[in-house]
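Quick notes on the structure that follows.
The values are calculated or read from the model by the stated rules, or taken from the named source; none is laboratory data. What you see is a predicted model; the values in this text were computed from it and never measured. Note: ideal-geometry Cβ built from the backbone for every residue, glycine included; neighbour counts use all protein chains shown.
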Amino acid sequence: MTVIPPLEVTDLTTTFVSRRRRTEVVRGVSFTIGRGETMMLLGESGSGKSVTARSIMRLYGSSAELGGSVRVAGQELVGLAEPKLRAIRGGQIALVPQDPTGALDPLRRIGSQLAEVLAVHGVERVKTAAHRRAEELLAMVGIPDPKRVAGSYPHELSGGMRQRAVIAIAVSCDPQVLIADEPTTALDVTVQAQILELLAELQQRLGMAVLMVTHDVGVAADFGGRVGVMYAGRLVEEGPASEVLSSPRHPYTEGLLDSLPMPGAARGSLRSIVGSPPPVGAFPAGCAFAPRCPHVRPSCRYDDPLLVTIAHDRVAACPVVNTERVVA
């Protein structure tokens with residue numbers, strides 16, 4: 001019996017279109033997430049992580065052209081008519097955004113916003129039952145006084161409480177796929193750890209596939225699962241988090257790890273990645289990381305490396321580093 005994974009992304013491309021120009025931002029990204037599994041998209045700002053996540057949900061509308069394939073539980077989303085897409089978005093696939101304040105309606109109480117989502121997706125259409133379910137969901141995400149919070153406006157809650165409310169909305173319809181786009185960026189370290197722990201508990205409880213976007217190597221290491229490292233709109237390395245973050249097989253991943261502060265490291269000992277990422281949509285020929293790469297060879301400037309298998313369950317897009325390691 002063939003098991004259909006909750007999320008399959010194949011050769012996804014995203015091109016933003018305006019009257020004057022076309023800007024390709026995501027370039028041929030592919031990955032699959034099974035039930036209860038996690039995929040982390042890791043990289044610097046501008047690498048295409050968030051655009052990839054939001055393209056999967058088709059949140060850019062007519063301003064972006066999508067290519068490739070995105071399947072949620074076998075249902076193709078690229079090219080799907082908007083009315084059918086609305087039934088899937090929020091129902092089978094849901095988003096936890098980076099900014100909970102911007103995601104919540106400031107003029108409506110939290111319970112009312114939750115109840116509306118339940119009604120729209122046919123989970124609970126009776127008003128009293130929907131509000132009761134809203135309080136249950138708020139309790140499920142660790143809010144100690146759900147009745148009070150349900151009756152509160154967003155500005156009356158702390159940042160951590162607003163994020164928990166947004167998570168309650170996201171999981172309210174029991175989605176198969178949860179996308180978390182930098183869900184802890186605006187939170188202090190203690191609350192950040194609590195939110196990550198909550199997401200892990202909900203994933204285990206509901207069996208969701210989780211796609212998490214982060215620029216923080218520590219978050220990727222703590223949450224685990226698989227890591228896909230993105231640079232210039234492409235995946236340059238993918239594999240189990242424990243392996244990728246302990247033994248990177250792409251120079252960009254190596255650079256990210258070398259720039260992390262470590263306990264006991266001498267002042268000034270941290271290394272930075274020289275140069276800057278290429279401007280979005282103005283990617284150089286060949287390997288986009290070549291201008292910043294310590295392992296660069298002349299061929300890197302015109303050969304565009306593809307992801308290839310370099311070990312069991314691992315792929316990388318740097319033939320130079322991986323050839324060197326095989327020879328060594």
Give E8, E76 a once-over and let me know the one that is modelled with pLDDT of 95 or more and in contact with a strand residue (DSSP E or B) (Cβ under 6 Å, 6 or more places away or on another chain).
-> E8
Scanning segment 102-146 residue by residue, the ones that are part of a loop (DSSP other than H, G, I, E, B) and either touching a residue at least 60 places away in the same chain (Cβ under 8 Å) or hydrophobic (A, V, I, L, M, F, W, C) (or both) total 6
Among all residue pairs at least 6 apart or on different chains, which show Cβ distances below 7 Å where the first residue, located in segment 32-46, is among the basic types (K, R) and the second is part of a strand (DSSP E or B)?
-> R35/A209
Selection from segment 124-165 of residues crowded, with 19+ Cβ neighbours inside 10 Å and hydrophobic (A, V, I, L, M, F, W, C) yields A130, A134, L137, L138, M140, V141, I143, V149, A150, L157, M161, A165
T52 vs. criteria outside any loop (DSSP other than H, G, I, E, B), hydroxyl-bearing (S, T, Y), within 28 Å of T253 (Cβ to Cβ) and out of contact with any Phe, Trp or Tyr (no Cβ under 8 Å at 6 or more places or on another chain) | yes
Collect the residues in segment 153-173 that are modelled with pLDDT under 95, farther than 14 Å from L114 by Cβ and not polar (S, T, N, Q), keeping them in residue-number order.
-> G159, G160
Regarding E156, is this residue closer than 30 Å to Y231 by Cβ, out of contact with any Cys (no Cβ under 6 Å at 6 or more places or on another chain) and charged (D, E, K, R)?
-> no
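The rows are residues; the columns are (1) within 22 Å of P154 (Cβ to Cβ); (2) at pLDDT 95 or above.
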| site | (1), (2) |
| --- | --- |
| Y60 | no, no |
| P83 | no, no |
| I93 | no, yes |
| A103 | yes, no |
| S112 | yes, yes |
| H121 | yes, no |
Which condition does S112 not pass, out of (1) crowded, with 21+ Cβ neighbours inside 10 Å; (2) closer than 30 Å to R133 by Cβ; (3) among the small types (G, A, S), if it passes all the others?
-> (1)
Residue hits (segment 215-244; in contact with a helix residue (DSSP H, G or I) (Cβ under 6 Å, 6 or more places away or on another chain) and hydroxyl-bearing (S, T, Y)) are Y231
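I'd like the full set of residues that are touching a helix residue (DSSP H, G or I) at 6+ places or on another chain (Cβ under 6 Å) and either over 22 Å from I93 (Cα atoms) or hydrophobic (A, V, I, L, M, F, W, C) (or both), limited to segment 155-170.
Matches in segment 155-170: G160, A165, V166, A168, I169.
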